[in-house]
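Heads up: the structure comes next, in structure tokens.
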């Protein structure tokens, strides 16, 4: 088998204009075989637009693309695939009603005989070596429904290899991976590089970018803000280029020592992880971090507490009063709010105006003479817009036109326009740019200082260590340990997360 | 009024003008009165269907409900001499019950709306035919119910009361859908059920209410139809009416995926459908082609609407690019 053909990809002066938005302006980029390029930038900087242009999903308004000396105004999906460009998206594109082999060969099924029936054996045999190349622990017959997120990602990489990919573009590939899964992925990237395959690695997790790339391209506001060679790469340099300023340290201590219990969770078991029961208490004025590996049951616990389903047994108390939430409506009337993990699915109605989203949970407060008053909705939303510095020209615009960070602020605005007692943040900064991140941390601290209970579920070590006053670590539905601020370390969290006891120092 | 509704209104006027030029009888008081009556009858339950479609669901049982409740209403008033106000109340209560059953099966037992209401279509039609043993239900010879008749088939200043009833229902439902908290919740649940639930909206209640509204309006329509036809033939009465309702809603800008549509739209949709039927009659097109004309117009209408929307989006993008280019020249 010969290696992949040498890649020569050049983007010249790429510009993309959407109604009212310039997504990319005059961007040029060259990628050669076997190099790993980090592409970073705040949300809305134009990374996804650039990737869509490379994938042939959208056509640039201006500029040219040249592949192996051939010039294009814009690519089609077929041209992009033929050129050996493959994607591993943040949101995975696997079909979980099919098995691994069927997913790899989706649309290119191997067939036999004159009736062109599916040749399962040939597909299996062809997929196995690809799975070996990415170090997958599962076989070609495995139903995708049984695979974890990380495994599905390996499947997507295997699929890229099956198409003789010369360039694999990974969009936030580690955002839902645990540390060991991330390390494995970084190893796979190094293997791809050794095989002469180019990789574009897009991530907000700068330490991972730093670890695996040869050079970095930074986008800001649709333009190239700067390029960093291998020896220039540092966390500070990247952040400076992304936001044009230095970031302060994350942790701000609370103004007052923790007070009485605001939220207590006793023996709560969930349907997803019934093996262990969770017990913890949240006190007034503190930010409680909930750490753990993906699949430890943190989101399930949060949704069970919030009444969104899946609670088997146990007791929840808010401000001392028992709360047996049969639906989120019950939790909300008790003052317990959830900022959900998947804001596009459960946090927002993307197609709706911002002001509808902000007032959705409390429309009754916008009634005038028995009618929902749009001007009152706008008033409430404007108040939150200035409070949270939500960036939008008009609160009547649809939420989907905004960047992830601003969308998350809209979810927050919904709850802050009401009267929160406890807010559970589930992965509050996933897929959000650095600038919005620090604003959300500040906001959480301000809420805690005002006496609102803040629970923050996070898989981002830097975040959970940098923001929390206290951390509980979950494993398999239960709490496997608790850490005081003085004991915070990646090592300690990870030890508890995999179910080992901490060594006494 | 939304842009979509305006476009539909213009289409109605244009079609009307064309028909009038070919056959001036179109605007004769008799023809207008008859068409208005049909618009009223079909509009009443089309509005109900709109509520269900708003949730992303569908109610296929409307025609059968109109047949079954029509049979029962005629039997109660004509056969058992139940005072008509009581019969009206019972009929509407039965409609509410049917809607409640649909809603509970769909929200509690997680059944698909298509399946639930398809079974409803078969069951209610079957009961209507079984109950009457295929005989036509009618009022006794010479019986007369002046007040009931005035309310249902009477006219004021030439305007059929069925049309007035539809307008009153449309106004009430306009407030419910476009002005009330419940209406907003309906839009939210229809667009994104999960996000609505996570915002504390009781989506099961909202969806069930939509089915109750739909079946209650079908019950009201059942009374109007029974009084209009004076007798109910259980195997054919109301056949395919659910499709008229769905067609009116789709023409009126409702999306079958849920979360989109307006009361003005569905009413205009009902108007256009009856105008087309009228067109077939007045222009001497064989009435066997009735459905073909209707289908073609709906298809073209929805196609044109979507193509236009895509074209507008493209144009906006081009304009934005030109602005950028001129900025670049200046700088």
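Per-residue answers, yes or no, for (1) surrounded by fewer than 17 Cβ atoms within 10 Å (Cβ to Cβ); (2) at pLDDT 90 or above; (3) over 26 Å from residue A:88 (Cβ atoms):
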{"residue": "A:169", "(1), (2), (3)": "no, yes, no"}
{"residue": "A:176", "(1), (2), (3)": "no, no, no"}
{"residue": "A:182", "(1), (2), (3)": "no, no, no"}
{"residue": "A:197", "(1), (2), (3)": "no, yes, no"}
{"residue": "A:204", "(1), (2), (3)": "no, no, no"}
{"residue": "A:228", "(1), (2), (3)": "no, yes, no"}
{"residue": "A:238", "(1), (2), (3)": "no, no, no"}
{"residue": "A:246", "(1), (2), (3)": "yes, no, yes"}
{"residue": "A:263", "(1), (2), (3)": "no, yes, yes"}
*Check segment A:293-307 and report whether any residue there is touching a residue at least 12 places away in the same chain (Cβ under 8 Å), away from chain B (no Cβ under 14 Å), in a loop (DSSP other than H, G, I, E, B) and within 20 Å of residue A:447 (Cα to Cα).*
no
*Exclusive hit being without any contact (Cβ under 8 Å) to a residue 24 or more places away in the chain and touching a helix residue (DSSP H, G or I) at 6+ places or on another chain (Cβ under 8 Å), set B:94, B:122, B:69, B:105*: B:105
_Members of segment B:128-169 found to be surrounded by fewer than 18 Cβ atoms within 10 Å (Cβ to Cβ) and under 30 Å from residue A:368 (Cβ atoms), listed by number_ = B:164, B:167, B:168
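Residue-by-condition table, conditions (1) over 20 Å from residue B:223 (Cα atoms); (2) within 13 Å of another protein chain (Cβ to nearest Cβ); (3) outside any helix (DSSP H, G or I):
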site	(1), (2), (3)
B:114	yes, no, no
B:119	yes, no, no
B:162	no, no, no
B:176	yes, yes, no
B:183	yes, yes, no
*asked:* Just checking: which of the helices (runs of 4 or more DSSP H) contained wholly in segment B:189-277 hold 1 or more residues that are closer than 21 Å to residue A:328 by Cα and out of contact with any strand residue (DSSP E or B) (no Cβ under 9 Å at 6 or more places or on another chain)?
replied: B:193-198, B:203-229
_Set A:72, A:18: member being free of Cβ contacts under 8 Å to residues at least 12 places away in the same chain, within 14 Å of another protein chain (Cβ to nearest Cβ) and either surrounded by fewer than 20 Cβ atoms within 10 Å (Cβ to Cβ) or under 28 Å from residue A:159 (Cα atoms) (or both)_ = A:18
*Just give me the residues in segment A:282-292 being over 27 Å from the mean Cα position of the chain (by Cα) and either part of a strand (DSSP E or B) or crowded, with 24+ Cβ neighbours inside 10 Å (or both), in sequence order.*
A:283
*Single residue of B:304, B:309 found to be within 28 Å of the chain's Cα centre (by Cα) and within 14 Å of chain A (Cβ to nearest Cβ)*: B:309
*Which of (1) within 14 Å of chain A (Cβ to nearest Cβ); (2) out of contact with any helix residue (DSSP H, G or I) (no Cβ under 9 Å at 6 or more places or on another chain) does residue B:261 not meet, given it meets every other one?*
(2)
_Which condition from (1) within 14 Å of chain A (Cβ to nearest Cβ); (2) within 20 Å of the chain's Cα centre (by Cα); (3) crowded, with 24+ Cβ neighbours inside 10 Å is the one that residue B:198 breaks?_
(2)
_strands (runs of 3 or more DSSP E) completely within segment A:450-505 that count 1 or more residues being at pLDDT below 90 and closer than 27 Å to residue A:317 by Cβ_ = A:470-475
*Given the structure, is residue B:232 over 24 Å from residue B:50 (Cα atoms), away from every other protein chain (no Cβ under 14 Å), in contact with a helix residue (DSSP H, G or I) (Cβ under 6 Å, 6 or more places away or on another chain) and touching a residue at least 24 places away in the same chain (Cβ under 8 Å)?*
yes
*residue B:110 versus (1) on the phi < 0 side of the Ramachandran plot; (2) out of contact with any helix residue (DSSP H, G or I) (no Cβ under 6 Å at 6 or more places or on another chain): which is the lone unmet condition?*
(1)
_Selection within segment A:100-134 - touching a helix residue (DSSP H, G or I) at 6+ places or on another chain (Cβ under 6 Å), under 28 Å from residue A:186 (Cα atoms) and assigned to a loop (DSSP other than H, G, I, E, B)_ = A:105, A:134
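The rows are residues; the columns are (1) surrounded by fewer than 17 Cβ atoms within 10 Å (Cβ to Cβ); (2) more than 12 Å from chain B (Cβ to nearest Cβ); (3) touching a residue at least 60 places away in the same chain (Cβ under 8 Å); (4) within 26 Å of the chain's Cα centre (by Cα).
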| position | (1), (2), (3), (4) |
| --- | --- |
| A:350 | no, no, no, yes |
| A:357 | no, no, no, yes |
| A:366 | no, no, no, no |
| A:375 | yes, yes, no, no |
| A:380 | no, yes, no, no |
| A:385 | no, yes, no, yes |
| A:388 | no, yes, no, yes |
| A:398 | yes, no, no, yes |
| A:405 | no, yes, yes, yes |
*Being part of a loop (DSSP other than H, G, I, E, B) and at the interface with another protein chain (Cβ under 9 Å from one of its Cβ atoms) is the filter; apply it to segment A:310-348 and report the residue that is farthest from the chain's Cα centre (by Cα).*
A:327
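The values are calculated or read from the model by the stated rules, or taken from the named source; none is laboratory data. None of these values were measured; they are calculated from a predicted model. For neighbour counting, all protein chains shown are included, and Cβ atoms are generated from backbone atoms with ideal geometry for every residue, glycine included.
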